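Novice: First, the structure itself, so that you have it in front of you.
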Amino acid sequence: MVGMWDDGRLCHGGDYNPEQWPPATWREDVDLMRRARINLVTVGVFAWSRLEPAPGRYDFDWLDEALDLLHDSGIRVALATPTASPPPWFSLAHPDALPVTADGVRLHHGSRDTYCAAAPSYRAAARSIAATLAARYAHHPAVALWHVHNEYGTTCHCPHTETAFRRWLIDRHGDLDTLNTAWATSFWSQHYADWAYVSTPRATQYHANPGHLLDFRRFWSDTLLAAYTEQRDLLKAANPTIPVTTNYVLGDWVPVDHARWATEVDLVAIDHYPSAVDGGAEEQTALAADLARGWARHGHHRRAHPTTPDRPATPATWLLMESAASQIHTTGRSHTKEPGRTARHSLSHIARGSLGAMFFQWRAPAGGAERFHSALVPHTGPDSRTFRESVRLGDTLARLAEVTAGEVTADIALAWDAASSWALRHPGMPSTLLDGHAELAAAHRALWRAGYACDVIVPGDPLDPYRLLVLPALYLADDTTVDWVRTHVDAGGHLLVSYLSGVADPHARIHLGGYPGAYRDLLGLRVEEFHPLAADEQVLLSGGGTGHIWSETVHPHGADTVCTYVGGVLDGRPAVTRHRAGTGTGTTWYLSTRPDDNTYRRLITEAARTAGAHPVHPDAPPGVEAIRRAHPQASWLFLLNHTDRPQRVPTDGVDLLTGTPTDGQTTLPAGGTAVIRERLR
Ligand code: GAL
């Protein structure tokens with residue numbers, strides 16, 4: 001990583017919108033920023049209409065003044081290109097660049113993200129404002145990072161998109177026979193005899209074709225990526241030393257393959273807003289951070305070794321670009337975070353490799369659609385709990401700078417890819433409850449609760465460090481992925497596979513001969529039939545516990561039964577199996593149902609123990625999360641107390657937040673945190 005990241009500080013800051021306030025407020029802003037040790041702010045994300053109020057007429061005075069003020073105050077800037085929200089004049093002049101929904105409705109100006117990323121006029125206007133900003137600010141001393149656009153993720157079905165989709169399909173499939181075979185178009189009279197007959201998957205009468213939907217998502221991810229890379233190239237051309245990124249938005253509605261994008265950004269940056277308000281928020285935070293680290297590493301080693309990825313020597317860095325300073329949004333209402341919770345979320349990200357903790361947003365606006373979104377400086381002003389907590393967090397981060405040298409290491413990897421998740425969402429699947437992200441989250445939660453560190457990796461990534469590889473409903477499997485899994489098992493690695501993994505090929509066509517086609521022999525079994533469960537249904541498992549969402553008729557062919565279904569049509573049949581496979585010594589486990597959380601935790605702990613994996617801190621009490629960042633000469637243990645009682649944890653080292661030796665143990669206040677530089681033995 002070039003430039004600013006070498007200055008050794010953890011980043012603290014967030015989206016800053018001087019254009020929403022008079023200059024007098026800016027001066028108060030920088031004073032308050034200094035109090036909170038803010039050292040990086042994102043400026044200009046949605047400022048296009050203030051930068052270019054009319055076509056080709058620019059107003060940079062306010063931005064010049066704001067950047068100078070920030071620089072004079074020692075605050076670095078992530079300068080955004082404002083292309084996520086075209087100004088009113090653009091939409092009026094280019095109605096063809098307004099997006100069209102799958103139902104054929106053209107959307108209109110009035111919110112944000114209202115553009116079609118395949119429309120030539122939009123792309124030209126976006127390049128133009130990016131190039132203009134680059135020409136003016138690429139050498140401004142405040143600018144440490146370029147922040148392209150904001151949360152690429154919107155989609156479109158307009159004629160521009162359709163033309164681009166056909167071009168992409170020709171590149172991917174070469175000829176129509178190949179496309180027809182990939183999409184199995186003989187089903188329901190969908191055979192295409194001319195490229196011109198292929199449209200985007202618009203709203204249709206009944207289920208759409210699964211291959212068509214999947215390719216459209218892949219195409220759209222590539223289209224958005226091209227919109228990003230053309231801006232990146234302009235910015236790089238103006239000054240190659242400034243890193244360029246864009247902030248990933250997470251969620252399975254997002255048609256972006258973030259792993260694929262990771263090779264194109266200098267820094268993986270994520271926005272994270274947990275949807276849960278109970279302890280689920282902490283679990284979601286841990287998963288988001290593990291995903292981000294996985295993408296960063298994937299990009300890192302793919303760039304270094306495009307064909308045979310190796311593990312790079314230096315830590316792959318990433319940044320939490322946005323999070324909520326207080327409220328967490330949940331369905332229908334927002335929930336104000338309890339005291340200390342924002343810091344715990346921030347440290348959970350930093351413990352897992354983030355270069356800092358950034359927030360949306362610096363100051364809560366008086367108007368606009370997000371006027372009630374939380375901010376470091378809330379409507380109340382700086383005399384508020386939220387601002388005091390951000391001052392404390394700034395102080396904490398200043399004391400933790402040394403941890404950036406450390407890397408998280410894990411014995412366990414969860415393999416996940418976006419396309420598998422997209423494919424599981426197809427309405428023609430045997431259950432509408434299937435959700436790839438939820439499957440990943442369930443496996444991750446089981447490990448999190450059992451205190452194991454894990455990496456979330458992309459199929460094809462290096463496997464050598466891992467004792468246990470988990471495939472949580474990794475639905476799609478091509479030959480390369482199957483070989484990758486087999487190599488791990490042949491080398492003595494352990495494997496845990498949950499239902500529906502390896503059932504389909506990359507076009508979402510089923511591997512025939514019994515499920516899960518790609519992994520039957522590795523697991524020593526054959527699945528004959530599915531028995532999906534209703535949302536309120538559960539099946540009993542022998543030895544205790546329940547299964548949810550899914551169940552199957554499993555025929556072992558060498559595998560041993562770990563537990564069976566109890567009652568119902570599957571009574572006495574295997575629910576969970578284990579098998580000694582391949583030439584190695586590894587055990588392969590199969591879960592034909594989604595166990596309840598406690599049972600999942602018990603099973604995955606057994607698999608981890610069998611594999612020789614160790615929890616991060618075996619003596620951490622329940623409710624205390626322990627994460628370690630380390631390198632050969634140093635080790636930092638992060639402890640996050642998610643309970644409402646003080647907790648004691650055995651530790652040996654120096655508490656970085658107080659500067660004192662730990663004397664054998666650390667006492668964490670209720671909801672509190674500690675970071676220990678551990679004594680190396
Ligand atoms: C993010 C977005 C921000 C703001 C925030 C609200 O997804 O990038 O601009 O809208 O959500 O939570």
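Readers should treat all values here as calculations from the given coordinates under stated rules, not as data from a laboratory. The structure displayed is predicted, hence computed values, not measured ones. So basically every Cβ, Gly included, is an ideal-geometry build from the backbone, and we count neighbours across all protein chains shown.
Novice: Taking square-rooted eigenvalues a ≥ b ≥ c of the alpha carbon gyration tensor, is the range 624-678 rounded, prolate or oblate, where a/c under 1.5 means rounded and, failing that, a/b exceeding b/c means prolate?
Specialist: Judged from the Cα gyration tensor, the range 624-678 comes out prolate (a/c at least 1.5, a/b above b/c).
Novice: Still on this structure, please answer the following. Among 555-564, 343-352, 460-469, how do they line up from the highest to the lowest mean number of other beta-carbon atoms within 10 Å?
Specialist: 343-352, 460-469, 555-564
Novice: Name the helices (complete DSSP H segments) of the chain with a Cα length along the long axis of 18 Å or more and a Kyte-Doolittle mean of at least -1.0, or state none.
Specialist: For the chain, where a helix must reach 18 Å along its axis and average at least -1.0, the hits are 120-137, 210-238, 280-304, 385-399, 436-450, 597-611.
Novice: With Kirkwood's inverse mean 1/r over C-alpha pairs for Rh, give me the Rg to Rh ratio of the range 412-611, two decimals please.
Specialist: With Rh from the inverse mean 1/r over Cα pairs, Rg/Rh is 0.92.
Novice: Calculate the FRET efficiency for ALA237 and ARG609 from the Cβ-Cβ distance with a Förster distance of 41 Å, rounded to the nearest 0.05.
Specialist: For R0 = 41 Å, the calculated efficiency reads 0.15.
Novice: So how far apart, in nm, are the two label points at GLU529 and TYR192 if each is 7 Å from Cα heading toward Cβ?
Specialist: According to this spin-label approximation, the distance is 3.7 nm.
Novice: At 7 Å along the Cα-to-beta-carbon direction for both ILE510 and GLU537, put a label point, then send me their distance in nm to one decimal.
Specialist: About 1.8 nm, to one decimal.
Novice: Rounded to whole Å, give me the distance from the Cα center of the range 329-401 to that of the range 59-99.
Specialist: Cα centres, the range 329-401 to the range 59-99: 24 Å.
Novice: Also, I was wondering about something else. Is the chain rounded, prolate or oblate when judged by the Cα gyration tensor, a ≥ b ≥ c being the square roots of its eigenvalues, rounded requiring a/c under 1.5 and prolate requiring a/b larger than b/c?
Specialist: oblate
Novice: Taking 0.36 nm per residue of separation and subtracting the Cα-Cα distance, what length does fully extending ARG681 through ASP644 add?
Specialist: Result for the pair: 10.0 nm of gain on full extension.
Novice: Report relative contact order for the chain in percent, whole number only (criteria: Cα-Cα under 8 Å, sequence separation at least 6).
Specialist: The value is 10 percent.
Novice: Over what distance in Å are the Cα centres of the range 173-233 and the range 552-602 separated?
Specialist: With the range 173-233 and the range 552-602 each reduced to a Cα centre, they are spaced 37 Å.
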